[in-house]
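Structure record follows, encoded as structure tokens.
Derivation of every value follows stated rules applied to the coordinates shown; laboratory data play no part. Note that this is a predicted model, so its numbers are computed, not measured. When we count neighbours, we look across all protein chains shown, and the Cβ atoms used for this are built from the backbone with ideal geometry, even at glycine.
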Protein chains: 2
Amino acid sequence: MLSAAVRLFNEQGYDATSMFDIAESLGITKSSVYHHISGKEQLLQMAMDRALDGLFEAAEDVRGTGLPAIERLERLIRRSVLVLAERFEFVTVLLRVRGNTEVEQHALTRRREFDTVVTELVKQAQAEGGVRPDVDPATAARLLLGMVNSLTEWYKPRPGGAEAIADAVSSIAFEGLRM
Amino acid sequence: MLSAAVRLFNEQGYDATSMFDIAESLGITKSSVYHHISGKEQLLQMAMDRALDGLFEAAEDVRGTGLPAIERLERLIRRSVLVLAERFEFVTVLLRVRGNTEVEQHALTRRREFDTVVTELVKQAQAEGGVRPDVDPATAARLLLGMVNSLTEWYKPRPGGAEAIADAVSSIAFEGLRM
């Protein structure tokens, strides 16, 4: 049911999707849908949590490695690409949310927390001499995540595709395009 | 009138904005608005053209420099940041469009043409030995533009801000974050 709802949210927009549309796409009645969930907002929250939990698990795993900050940063950016590819429809829902309701506000707050995790990693990596000192950490974090998040606009799932893109993001962002 | 319409499109969504809303925000009647334009779709087209024309002018200027492809690529990416900052509301409209109408389809086609310009520059720069050969040109172009386009999500206009971000984009994308 969550997948069906998320597909509709992404195709026609969250606001334009009714509980009737969700029931219809599953070939069941609206009252059957309400038997399982309280309303479409609950489905939105579940979808956004699926995306955010993936990102925060990645941050947690990376934190536990004890590697230098530059390596943790690079791993977190790579993992973010993989989370985005694996949970593509959920992340797409998350990134389109504008904060119109409490549930959306909560998701935006968690997104900002994740931005802060990345910003702190950039700062730490600069302090350790791993990242060039002339880039503002918050700007770097936003640009890194901007690159990753752009996948929702153009990524087409195929075997090995996510790993190849993670490699490309990592090459460009950490080594630079210039020879 | 275009600015007023674009502000509403970005605040409440294009679909949710009526000609009445546009007239009301200007303190004039709906028939006065129709005196100047055929409908909100014309305003959408004008807004998207404002954004796209800026990008294509930048591509044209860069093409005329006769510099090596890597330098043209870097200048085009920098200029794209400046166009986005200067025409922020217009680019934001452009990037939210999903291709639901002919006007939107046309804008998406021009966006893809711009992606192709960037992809071709990456290819040429690789052929000249200016860009690392292990990155797929189309993927590199999408990631570069993903970084630039992410500004619509977080950029706050302030004096010198756009130049500082253009520098950051250029440092990260061409030199890499790693020391």
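So what is the 222 nm mean residue ellipticity for chain A from helices alone, if each DSSP H run of at least 4 adds -39500 (n - 2.57) and you divide by all residues, rounding to the nearest 500 deg cm²/dmol? Before the final figure, lay out each step's value.
Numbers: 10 runs with 130 residues, N = 179.
The per-residue figure over chain A is -23000 deg cm²/dmol.
Measuring nothing but label to label, 7 Å from Cα along Cα→Cβ, what are residue B:170's distances to the other copies in nm, shortest first?
2.9
Per the Debye formula with a single identical scatterer at each Cα and no solvent contribution, what log10 I(q)/I(0) holds for region A:21-102 at q = 0.18, 0.20, 0.27 Å⁻¹?
Result of the Debye calculation: -0.83, -0.93, -1.19.
Report, to one decimal in Å, the Kirkwood hydrodynamic radius for region B:1-60 based on all distinct Cα pairs.
One over the average 1/r among Cα pairs gives 12.0 Å for region B:1-60.
Roughly how crowded by other chains is peptide A:164-172, in terms of the mean Cβ count from those chains within 10 Å of each of its Cβ atoms?
Across the residues of A:164-172, the mean count of other-chain Cβ atoms within 10 Å is 5.
On average over all directions, what projected area in square nanometres does region B:1-151 have, based on the convex hull of its Cα atoms?
Averaging across all directions leaves 9.3 nm² for the Cα convex hull.
Could you calculate the FRET efficiency of residue A:178 with residue A:61 from 1/(1 + (r/R0)^6), where r is the beta carbon distance between them and R0 is 30 Å, rounded to 0.05?
0.45
Provide, as a two-decimal number, the C-alpha radius of gyration of the protein assembly as shown over 2.2 N^0.38 Å, N being how many residues it has.
1.04
Per residue of B:130-143, how many C-beta atoms from partner chains lie within 10 Å of its own C-beta, taken as a mean?
For peptide B:130-143, the averaged partner shielding equals 5.
For the pair residue B:163 and residue A:108, what calculated FRET efficiency results from E = 1/(1 + (r/R0)^6), where r is the Cβ-Cβ distance and R0 = 30 Å, to the nearest 0.05?
That gives a FRET efficiency of 0.60.
Any chance you could check the Cα centroid distance between region B:49-81 and region A:88-142 for me, in angstrom?
Result: 29 Å between the Cα centres.
What does the extension gain come out to for residue B:38 and residue B:15, with contour length at 0.36 nm per residue minus their alpha carbon separation?
Length gained between residue B:38 and residue B:15: 6.6 nm.
Want the number for residue A:71 to residue A:30: 0.36 nm per residue separation, take away the alpha-carbon distance, what's left?
Working: separation 41, 0.36 × 41 = 14.76 nm, distance 4.91 nm.
In short, 9.8 nm is gained.
Along the axis that rotates chain A into chain B, which residue of chain A has the nearest beta-carbon, and what is the gap in whole Å?
Result for the axis mapping A onto B: A:176, 2.
How big is the Cα convex hull of region A:114-171 in projection, averaged over all directions, in nm²?
4.5
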